[in-house]
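Student: Questions regarding the structure given below will be posed in turn.
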Amino acid sequence: MLNNVIIFVLAAFVGTEILTKVPQTLHTPLMSGANAISGITVVGALVAAGMTADPWSTWIGFGALVVATINVVGGFLVTDRMLKMFGEKNASPAQADATAAAQPTNGTPE
C-alpha cells in the first residue's frame, strides 16, 4: 500500500510540473489526447469498482470513475469550444441591429 501511495504522489508531482510547462498553443491538442486517455480511465475505474468485494476498493473505484468522467466531459466541452472558435463568423442579432442603425438612409420611408 505504501508503494502505491508513493507512486501516486510522485506521479501527481511530475504531472503537475509537466503541465505547468506546456505553452498555451499546445494546451488544447494535449487536452484532446488527455480526453482519450481519460476514456480508458473510465473503463478501468468501472472494472476496479466492480471487481472486488472490498468496500474501500469499490469506493476508490467509484471516486476514480467520477473524476475521470468529469475530465472526459470537460475535455469535450473545451474541445467543442475550441472548434467553434474556428467556425463561421456569424454576426449576433445585437451586432446586426447596430450595423443597420449605422447605415445612412436616403430619407425615403421603407
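None of the figures in this text is laboratory data; all of them are computed from the coordinates on show. All values derive from a computational prediction rather than experimental measurement.
Student: Translational D (Stokes-Einstein, µm²/s) of segment 1-54 at 10 °C and 1.306 mPa s when Rh comes from the Kirkwood sum over C-alpha pairs?
Tutor: On the way: Rh = 13.4 Å.
For the chosen part, D equals 118 µm²/s.
Student: Could I ask something else about it? Can you give the three extents of the C-alpha atoms in segment 33-82 along their principal axes, from longest to shortest, in whole Å?
Tutor: Extents along the principal axes: 42, 13, 10 Å.
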